[in-house]
Amino acid sequence: MRINYELDTAIKKSTAPLKLCRSDKASIEVDKDTLTVAIKDNDEMVGHVFFGHGRLIIDTIVETENGAFGKPVDKELNQPFLMLGTAEEIDKHLAPATSDELKKLGGDDKEFMEKAQHLLDMFSSKRGQRGFRCHHEPEGSIFAFQNTHSTLDTLLLNDSRLVYNTEDMSFISSNHHSILKSPRQIVLSHHGKSFVANEPFTSHCCR
Amino acid sequence: MSDELKEEMKKLKEEIASLKDQLKGMTEEGRPRRGLYIDIGNVQQYADDVMQSVAEGVHGELERSIFIGPGGCRIWRGPRPQREEEERPVDYGQAAKAMSALGHEHRLKILNALMSGGKYINELQEELKDITASTLSSHLDVLEEVGFVVQEKVRGRYLITMPGRTACKMASRIAGFLKRGEQEE
């Protein structure tokens with residue numbers, strides 16, 4: 001069936017702080033009273049757009065025998081972001097948001113829906129270009145965050161893998177290997193062996 | 001004399017003539033050369049192979065036993081290429097800050113404890129019993145600030161970085177040199 005992401009019409013708010021993901025390397029949490037609207041694919045709920053305050057932490061660090069490379073990402077989330085994935089736990093802590101509450105949070109329903117739609121359009125466009133296919137993976141999640149370059153940073157997560165991609169860095173981590181690519185360095189680690197390439201890409205291998 | 005003997009004499013004369021010709025070719029203006037004559041056709045290639053092997057061995061040994069800088073460790077067989085990075089002036093302020101972070105016995109012990117792998121703070125406390133919990137935490141902050149240590153934000157483990165390993169090995173080597181110097185005195 002063709003993917004057709006659409007926003008629900010009901011705007012809700014979180015009644016408690018929510019942990020949207022928690023793994024060994026990543027954590028995303030949003031505060032109480034964060035606004036959210038559901039994303040549907042052919043009438044099936046597949047995710048949410050969130051608008052409020054939260055925190056994104058990703059340990060984009062690669063361990064090698066010559067030391068650790070990289071630093072953790074620790075960002076305040078105060079722009080709308082999108083999540084596709086398991087939402088049962090989230091739904092338990094959502095309640096309809098009134099227009100007064102929307103005003104108190106700095107906008108109205110129309111404004112919020114426009115921002116949410118813009119984000120969904122950006123994501124759908126990117127998804128179309130890159131061919132993301134894991135939107136229905138039951139144990140996995142995809143997050144998309146707007147950045148200052150007006151593009152999207154993406155985070156793909158499941159039980160064994162994490163992929164984080166931004167304008168200037170990429171990080172991939174699975175059970176036995178990690179890859180970190182920044183503008184000045186590429187670090188690969190696989191089963192205890194590692195490879196480091198520095199700009200202008202001279203390199204050394206470690207045992 | 002029989003014909004057989006005549007034939008034998010003829011062969012011997014031919015052989016002597018042949019030997020004289022060979023001897024003449026090996027002399028210069030009639031004088032015999034001195035020294036040992038060896039075919040050196042493959043020696044240059046052999047020497048190159050040996051040098052390559054030695055260079056690789058030394059490189060490997062350095063990687064195993066001495067520290068490797070942030071840019072890696074290399075042995076160049078030809079003229080060393082100039083790199084833009086190497087031409088930058090040394091930031092002595094930053095270097096002094098890093099040296100200052102190393103200037104405490106406890107911090108050196110912490111770095112050494114992390115050389116074997118990432119550790120949680122309680123594991124470090126268990127290993128470094130002579131350092132109190134609050135002191136350990138403040139030392140880790142200092143090491144993290146200069147980039148010798150990085151802390152995972154999700155799990156909370158402390159990991160030693162490449163500069164941290166380099167600093168720890170450097171401190172060990174300096175201590176080793178000083179101890180050797182004392183013994184010699």
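The values are calculated or read from the model by the stated rules, or taken from the named source; none is laboratory data. Computed from a predicted structure; not experimentally measured. All Cβ positions, even for glycine, are placed from backbone atoms using ideal geometry, and neighbour counts span all protein chains on display.
Descriptive notes on the structure:
- The one condition in (1) under 22 Å from residue A:74 (Cα atoms); (2) out of contact with any strand residue (DSSP E or B) (no Cβ under 7 Å at 6 or more places or on another chain); (3) more than 13 Å from chain A (Cβ to nearest Cβ); (4) not hydroxyl-bearing (Ser, Thr, Tyr) that residue B:155 fails to fulfil: (3)
- Test: residue A:13 is part of a strand (DSSP E or B), within 14 Å of chain B (Cβ to nearest Cβ) and among the charged types (D, E, K, R): no
- Members of region A:153-164 that are surrounded by 17 or more Cβ atoms within 10 Å (Cβ to Cβ) and out of contact with any Leu (no Cβ under 8 Å at 6 or more places or on another chain): A:153, A:154, A:157, A:158
- Of all residues in region B:153-184, those satisfying the criterion of being without any contact (Cβ under 8 Å) to a residue 12 or more places away in the chain and among the β-branched types (Val, Ile, Thr) are B:154, B:174.
- Checking each residue in region A:34-55 for being touching a Gly at 6+ places or on another chain (Cβ under 9 Å) and not in a strand (DSSP E or B) picks out only A:34.
- Selection from region B:96-144 of residues that are within 31 Å of the chain's Cα centre (by Cα), over 19 Å from residue B:175 (Cβ atoms) and exposed (fewer than 12 other Cβ atoms within 10 Å of the Cβ): B:96
- Close pairs from region A:65-78: first without any contact (Cβ under 8 Å) to a residue 12 or more places away in the chain and at the interface with chain B (Cβ under 8 Å from one of its Cβ atoms), partner assigned to a strand (DSSP E or B) and among the hydroxyl-bearing types (Ser, Thr, Tyr), Cβ under 6 Å, at least 6 apart: A:67/B:161; A:68/B:161
- Looking only at residues in region A:48-64 that are surrounded by 24 or more Cβ atoms within 10 Å (Cβ to Cβ) and more than 14 Å from chain B (Cβ to nearest Cβ), the one that is farthest from residue A:3 (Cα to Cα) is A:51.
- Residue in region A:86-95 that is nearest to the other protein chains (Cβ to nearest Cβ), counting only those that are free of Cβ contacts under 8 Å to residues at least 60 places away in the same chain and not acidic (Asp, Glu): A:86
- Criterion (more than 14 Å from residue A:26 (Cβ to Cβ) and modelled with pLDDT of 85 or more) met by exactly one of A:204, A:177: A:177
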